[in-house]
């Protein structure tokens, strides 16, 4: 990942961590596909992808594991733009936990 993307990824990591979120920053030197597979295999529900094309437009891609949707978020307002997606994931988990457990 070129320096501009690394720098932005580090800024986003700090910003999201400082907001109270638990953030996993994958800085390994692997191809993007390997990183995506690794994140999926351990169940990471939301992935922020700092890509060349998106960053050129000031955006970061958000990948949602459960629905497989992708959204472009404004990188300068990542916490605000991420909030509705986090709330939707939390609501889904709350609904799941409210289901009756089998005996």
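Sort out which residues of segment 29-47 are modelled with pLDDT under 90, touching a strand residue (DSSP E or B) at 6+ places or on another chain (Cβ under 9 Å) and in a loop (DSSP other than H, G, I, E, B), and write them in order of number. Result: no residue meets the conditions.
Among all residues of segment 29-43, there is none that is touching a helix residue (DSSP H, G or I) at 6+ places or on another chain (Cβ under 8 Å) and closer than 20 Å to residue 70 by Cα. For segment 48-97, filtering for residues that are part of a strand (DSSP E or B) and in contact (Cβ under 8 Å) with a residue 40 or more places away in the chain leaves 1. Among the residues of segment 41-56, those identified as more than 14 Å from residue 75 (Cβ to Cβ) and surrounded by 10 or more Cβ atoms within 10 Å (Cβ to Cβ) are 44, 45, 46, 47. Within segment 28-37, none of the residues are touching a residue at least 24 places away in the same chain (Cβ under 8 Å), surrounded by 13 or more Cβ atoms within 10 Å (Cβ to Cβ) and farther than 23 Å from residue 5 by Cβ.
The values are calculated or read from the model by the stated rules, or taken from the named source; none is laboratory data. Keep in mind that this is a model prediction, so the values were computed, not measured. Virtual Cβ from ideal backbone geometry, glycine too; neighbours counted across all protein chains shown.
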